[in-house]
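The values are calculated or read from the model by the stated rules, or taken from the named source; none is laboratory data. These numbers come from a predicted model, not from an experiment. Methodologically, a virtual Cβ is constructed for each residue, glycine included, from the backbone with ideal geometry; neighbour enumeration extends over all protein chains shown.
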Amino acid sequence: MEMENKMIMKKILYGILFVILFFTACKQKTMVEDTSVQEPATIDTITFTKAQIDMAGITTGTFSGKEMSNVIHCNGIIEVPLSGTVTISTVTGGIIKHIRELYPGSYVKKGEVLASIENPEFINMQRDYLESKGQYEYLSVEYKRQQELSKENAASQKSLQQVKSEYEMVNARLMAAKAQLSMLGINKDDIEKNGMQSTVSIIAPMNGYISGIAANAGKYIVAGEPIFNITDKSQMRLALNLYERDLAYVDIGNEVLFKTVASSTEENKAKVTYISEVIDREKRSIELTAMIIPVMDYFRPGMYVTAQVHSGSRQVMALPETAIAQYDNGNSIFISKGNLFERKDVELGITQDGFVEIVNAAEFSENDIIVTKGAYYIDTELLKRLE
């Protein structure tokens, strides 16, 4: 009897254990099935229901060929060519006697006196001129007299040759003295009327802005030492850096539209006048020069500019601007695969009339279905699920 009871108890325990194991297995199976219901989002993909797609107004399409104006984006600075800057110096040394109150940026007109320089040598040069002029006038008369006498055989040929030689030497000294005075800016007529002067005026050779001052009153200036620099802003131009890949699309005469940091909303014009033959090996860029038309008063040499070079039109593969989603690392589009949307990086080119060029369109298949509207919504939801 006792043995029968023990057998019954074992059967009951086995039954209870079987039931527990059965329900545990079922629960684990249910958990496995539940976890497979939703596909986890990755960094580049996301799945939506049809209701979500309709609510977001997501539409799709494919790449389309567009003829767009060929606009090349580049940057650079405003500069003045070498021909637009003049360095003022003197042909002889001297002490700065007087200097006008000027500052870098001061505007001066051609012919204005900027400073005066003093040197005793100036007196000697003027004296040489006056002496040579006097001797020249005397020998000029004497030479003519000797020529007349020679014709009448009243004077020897030797006397005529001697006077001729003296006349030519004095004439050479007079020409040299005139040239020296001209280089100094001294008017010979003023000397004859008003006498000799101990100072020489330093005159502005052109209209422009003072871009450098290297002198002060009392300073001794060595011959050829720079005193002033004058810059003619009317000759300002753009020095732009053009990427090597864009060289084929740019030519002399192309229009350039540019903006400065000082006035980022105002668009200015220029025209391409020169394309360098030398490529920067590190930057893989080429220098392009464009003359500014017209030059604005607020332009300054060295100003940074962003520019667009317009050079005709070309056929490109494009998408609507609404197809582009911007993020930290660049720009992207979304490929539609039913309810699944996958992010793909793109390189943008020209933007025109609501469409944007996709430079790397060749990396995509012509069968790819692309989100043309609603990319921003997809991008936002993708970022939310990844948080």
Segment 136-158 residues that are under 20 Å from Val170 (Cβ atoms), paired with ones that are of a type in the set (Phe, Trp, Tyr) and surrounded by 15 or more Cβ atoms within 10 Å (Cβ to Cβ) (beta carbon under 6 Å, 6 or more apart): Leu139/Tyr167; Tyr143/Tyr167
Residue in segment 87-101 that is farthest from the chain's Cα centre (by Cα), counting only those that are hydrophobic (A, V, I, L, M, F, W, C) and surrounded by 16 or more Cβ atoms within 10 Å (Cβ to Cβ): Ile96
Of the criteria (1) loosely packed, with under 12 Cβ neighbours inside 10 Å; (2) within 30 Å of Ala223 (Cα to Cα), which one Arg173 fails: (1)
Count - residues of segment 129-164 that are of a type in the set (Gly, Ala, Ser) and loosely packed, with under 12 Cβ neighbours inside 10 Å: 1
Those strands (runs of 3 or more DSSP E) lying entirely in segment 1-104 with at least 1 residues modelled with pLDDT under 85: 64-79
Failed criterion for Arg173 (all others in (1) farther than 30 Å from Pro81 by Cβ; (2) at pLDDT below 90; (3) not aliphatic (A, V, I, L, M) hold): (2)
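Table: residues versus (1) closer than 30 Å to Arg284 by Cα; (2) surrounded by fewer than 20 Cβ atoms within 10 Å (Cβ to Cβ); (3) not aliphatic (A, V, I, L, M).
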| site | (1), (2), (3) |
| --- | --- |
| Ile203 | no, yes, no |
| Gly208 | no, no, yes |
| Ala217 | no, yes, no |
| Ala223 | no, yes, no |
| Ile227 | no, no, no |
| Asp232 | no, yes, yes |
| Ala239 | yes, yes, no |
| Asp246 | yes, yes, yes |
| Tyr249 | yes, yes, yes |
Selection within segment 290-319 - free of Cβ contacts under 8 Å to residues at least 60 places away in the same chain, in a strand (DSSP E or B) and surrounded by fewer than 20 Cβ atoms within 10 Å (Cβ to Cβ): Met291
Residues satisfying the stated conditions in segment 364-382, i.e. without any contact (Cβ under 8 Å) to a residue 12 or more places away in the chain and either in a helix (DSSP H, G or I) or buried (at least 16 other Cβ atoms within 10 Å of the Cβ) (or both): Thr380
Flag if Ile123 is farther than 16 Å from Pro205 by Cβ, loosely packed, with under 14 Cβ neighbours inside 10 Å and aliphatic (A, V, I, L, M): yes
Leading residue by the ranking (surrounded by the fewest Cβ atoms within 10 Å (Cβ to Cβ)) among those in segment 331-344 that are farther than 25 Å from Tyr249 by Cα and not hydrophobic (A, V, I, L, M, F, W, C): Gly338
Qualifying residue in segment 172-188 (condition: out of contact with any helix residue (DSSP H, G or I) (no Cβ under 6 Å at 6 or more places or on another chain), farther than 17 Å from Val91 by Cβ and part of a loop (DSSP other than H, G, I, E, B)): no
